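Remarks on the structure that follows.
What follows draws every value from the coordinates through simple rules; no lab data is involved. Worth saying up front: this structure is predicted, and the values here are computed from it rather than measured. All Cβ positions, even for glycine, are placed from backbone atoms using ideal geometry, and neighbour counts span all protein chains on display.
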Amino acid sequence: MWIDSRNTANTYRLCELVETERTLSGLEIARAFTAYQHFELCRRLCRRVTADTDLVCLPNITSLYQDDDVPAHERDHLFEAVCAGLAGLAETYSIRILISTPAENDLVDELATLADRELCVQSTPFGCYFEGDDHETMMYPTRGGWQTTIPYWVELFGAVDETRLVETAYETEFAGVA
């Protein structure tokens with residue numbers, strides 16, 4: 001189940017990424033364009049989730065609650081209720097709930113107390129770079145193979161002792177020059 005904010009769900013791209021249409025057969029996407037719509041969709045979500053639900057996805061969850069048309073007292077009440085509902089779903093059904101936020105803001109702190117893990121995502125020329133407590137993107141697929149990163153090689157072979165590296169470079173003969 002996917003509750004979309006700011007028109008994040010690209011259904012055309014989802015269809016391109018799957019091998020068969022059957023993969024998307026259980027996917028339900030609902031779109032919210034205001035905080036009030038988002039709140040109502042989250043209320044309905046709490047009644048629709050079952051033990052068979054594998055994943056709930058809520059991209060840009062804080063963005064609509066940051067809009068100028070939502071008074072602060074209503075924003076806090078609505079967002080706290082959404083967080084409580086999601087916490088209840090996670091506890092009751094032991095399902096994965098994937099949440100993203102567009103940027104740091106005062107509502108993110110409330111989400112952080114509910115999360116069992118956090119990832120930071122940055123766009124790079126090679127693709128998305130993910131970093132968290134126990135994960136870091138170290139390889140990116142390319143047409144001809146893989147683009148690796150320095151952390152990949154450090155994990156594979158270990159870090160270089162800087163002092164020894166300088167000594168080795170100083171002692172090494174390059175192209176007949178000592």
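Numerical summary
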quantity: Estimated [θ] at 222 nm from DSSP helical runs (n ≥ 4, -39500 (n - 2.57)) normalised by residues in the chain, nearest 500; calculated: -11500 deg cm²/dmol
quantity: Footprinting exposure proxy for Thr50, Thr11 (fewest neighbouring C-beta atoms within 10 Å first); calculated: Thr50, Thr11
quantity: Per-bin percent of Cα-Cα distances, the chain [5 Å]; calculated: 1, 6, 12, 15, 14, 13, 11, 7, 5, 3, 3, 3, 3, 2, 1, 0
quantity: Descending semi-axes in Å of region 97-147, equivalent ellipsoid built from Cα gyration tensor; calculated: 27, 12, 8
quantity: Region 118-178 - Debye-derived log10 I(q)/I(0), Cα point model, q = 0.11, 0.27, 0.29, 0.30 Å⁻¹; calculated: -0.44, -1.12, -1.19, -1.22
quantity: Descending semi-axes in whole angstrom, ellipsoid equivalent of region 5-61, from the Cα gyration tensor; calculated: 22, 16, 7
quantity: Relative contact order %, the chain, counting alpha carbon pairs below 8 Å whose residues are six or more apart; calculated: 16
quantity: Residue-by-residue Karplus 3J(HN,Hα) for region 136-152, coefficients 6.51, -1.76, 1.60, Hz, glycine and proline x; calculated: 8, 5, 10, 9, 10, x, 10, 4, x, x, 9, 9, 9, 10, 4, x, 4
quantity: Paramagnetic reach from Thr11 in region 30-68 [backbone N under 12 Å; point 7 Å along Cα→Cβ]; calculated: 30-31
quantity: Ratio Rg/Rh, restricted to region 1-106 and using Cα atoms, in which Rh is the Kirkwood radius; calculated: 0.98
